[in-house]
Amino acid sequence: MIYDTAEAWRAAPRKKVLLFGMSGLGKTYLSTMLRSSGDWFHYSIDYRIGTRYMGEHIADSFKREAMKVPFLRDLLMSDSIYIGSNITFDNLAPLSTYLGKPGDPAQGGVPIDEYRRRQAQHMVAETAALGDTAHFIERARDIYGYDNFVCDSGGSICEVVDPDDPADPVLTGLSDACLLVWIEGSEAHRAELIRRFDRAPKPMCYQPEFLSRCWEEYLTETGLPPEGVNPDAFIRWAYARALDHRQPRYAAMARNWGVSVTAEEVGNVRHAQDFETLIGEAIARKG
């Protein structure tokens with residue numbers, strides 16, 4: 001770790017952290033709070049994916065839909081209109097919509113082969129966006145004068161790394177640049193995340209082997225053909241399994257590459273100083 005003691009963290013003139021864990025446990029809350037303090041640069045992996053690495057895929061999907069409408073098709077063909085996504089830190093809907101959910105197209109689903117293709121695009125994009133972290137640390141300082149840096153990673157970071165491989169290229173690069181911090185949820189948080197997801201299921205990014213296993217198990221369990229799957233029903237079914245799949249991977253990332261804090265501790269953070277204290281305590285516990 002780049003800060004091997006709590007004293008080294010507190011004395012560091014440049015504090016650089018990457019937050020990871022399941023969506024909904026406080027990564028974006030902390031990142032936004034730190035950015036609002038005026039002393040921290042906020043680098044969002046999902047925003048970087050949706051703009052730099054997936055932006056063209058997203059815009060092209062919009063254009064394909066527009067080409068189905070004669071009025072819009074004529075305007076597109078004559079370069080009379082511009083179609084693009086308006087992704088922000090607070091609105092990543094264009095990226096989520098593009099990834100979609102597998103299942104019956106008549107119910108808003110994406111055919112499984114197309115879904116796998118988009119998942120593969122996201123895996124490449126996420127790896128690249130994570131690899132840009134060190135560049136943005138220096139960019140934030142060189143251009144904007146920020147010494148402190150927080151990377152708000154996506155929930156699927158654990159799907160593109162091998163936390164038990166001491167030579168994993170993504171984790172090696174990240175740990176050389178910043179302190180990796182896992183926000184760990186309790187069983188109560190897990191249950192609440194599942195309830196929240198059940199009310200409003202959202203697109204997910206899965207490790208290919210995990211997705212294939214879930215898809216085949218779901219088809220066997222329900223007896224449905226791929227084109228008959230209700231997309232929301234499938235991702236609800238898969239979500240709890242995804243949580244259980246990711247938990248040990250997150251734990252290994254914290255054990256081998258960083259530190260951990262609890263979601264309850266994060267909930268008590270109100271100011272940047274609170275955050276710096278919390279991280280110092282996490283490093284001390286690790287030591």
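Could you sort out which of 27/286; 63/101; 27/63; 15/202; 16/286 sit more than 25 Å apart by Cα distance in this structure?
On the way: 27/286 20 Å; 63/101 19 Å; 27/63 33 Å; 15/202 33 Å; 16/286 18 Å.
Where the Cα-Cα span goes over 25 Å, the pairs concerned are 27/63; 15/202.
How high is the FRET efficiency between residue 212 and residue 80 when r is their beta carbon distance and R₀ equals 51 Å, given to the nearest 0.05? Working shown, then result.
On the way: r = 43 Å, r/R0 = 0.85.
So the FRET efficiency works out to roughly 0.75.
Please give the net charge around residue 3, taking every other residue with its beta carbon less than 15 angstrom from that of residue 3, where Lys and Arg add +1 and Asp and Glu add -1. Kindly include the intermediate steps, with their values, before the conclusion.
Working: positive: 10, 14, 15, 16, 285, 286; negative: 4, 7, 147, 176, 276, 281.
Once all neighbours under 15 Å are counted, the net charge is 0.
Just one of (i) 51, 44, 36; (ii) 63, 49, 35; (iii) 57, 50, 36 is Cα extents along the principal axes in Å as worked out from the coordinates here. Which one is it?
(ii)
Could I have the simple spin-label model distance between residue 64 and residue 37, label points 7 Å from Cα toward Cβ, reported in nm to one decimal?
Between residue 64 and residue 37, the label points sit 4.4 nm apart.
Beyond 18 Å, what share of the Cα-Cα pairs of segment 2-69 is found? Please give it as a whole percent. Intermediate values should be presented prior to the final figure.
Numbers: 1375 of 2278 pairs.
Counting every Cα pair in segment 2-69, those more than 18 Å apart make up 60 percent.
Using a 7 Å offset from the Cα along the Cα-to-Cβ direction at both residue 251 and residue 277, what is the distance between the two label points in nm, to one decimal?
3.0
Considering Cα pairs under 8 angstrom that are at least six residues apart, work out the relative contact order of the chain and quote it in whole percent. Kindly include the intermediate steps, with their values, before the conclusion.
Numbers: 393 pairs, mean separation 95.6, N = 287.
The normalised contact order for the chain reaches 33 percent.
Can you work out ³J(HN,Hα) from phi for every residue in segment 212-218, in order, using Karplus 6.51 cos²θ - 1.76 cosθ + 1.60 and θ = phi - 60°, giving whole Hz and x for Gly and Pro?
4, 5, 5, 4, 5, 5, 5
Taking 0.36 nm per residue of separation and subtracting the Cα-Cα distance, what length does fully extending residue 222 through residue 187 add?
Details: separation 35, 0.36 × 35 = 12.60 nm, distance 2.78 nm.
Roughly 9.8 nm would be gained on extension.
Hey, rough spin-label estimate for residue 89 and residue 71, points 7 angstrom out along Cα→Cβ, what's it come to in nanometres?
Using points 7 Å along Cα→Cβ, the separation is 3.7 nm.
Return the long-range amide H neighbours of residue 16 (sequence gap of 5 or more, or a different chain), with a cut-off of under 5 Å between placed amide H atoms.
Excluding prolines and chain starts, which carry no amide H, the hits are 149, 179.
Per residue, what accessible area does segment 9-278 have, given a 1.4 Å probe and all protein chains present, in Å²? Walk me through the numbers on the way to the answer.
Numbers: 12730 Å² over 270 residues.
About 47 Å² of surface per residue is accessible.
Taking all protein chains in place and a 1.4 Å probe, what share, in percent, of the accessible surface of the chain do carbon and sulfur account for? Present the calculation step by step, with values, prior to reporting the outcome.
Details: 7020 of 13690 Å².
With neighbouring chains kept in place, the figure for the chain is 51 percent.
Taking 0.36 nm per intervening residue step and subtracting the Cα-Cα distance, what contour gain separates residue 141 from residue 1 on full extension?
Working: separation 140, 0.36 × 140 = 50.40 nm, distance 2.10 nm.
Length gained, residue 141 through residue 1: 48.3 nm.
Could you tell me the calculated FRET efficiency between residue 286 and residue 11, based on Cβ-Cβ distance and R0 = 22 angstrom, to the nearest 0.05? It would help to have the intermediate numbers written out before the result.
Details: r = 17 Å, r/R0 = 0.78.
Working from the Cβ atoms, E equals 0.80.
The values are calculated or read from the model by the stated rules, or taken from the named source; none is laboratory data. Everything numeric in this text was worked out from a predicted model, so none of it was measured. Cβ sites come from the backbone with ideal geometry, for glycine too, and all protein chains shown count toward neighbours. Just so you know, the surface numbers come from the protein's heavy atoms only, side chains and all, with ligands and any DNA or RNA stripped out. Shrake-Rupley method; radii C 1.70, N 1.55, O 1.52, S 1.80 Å.
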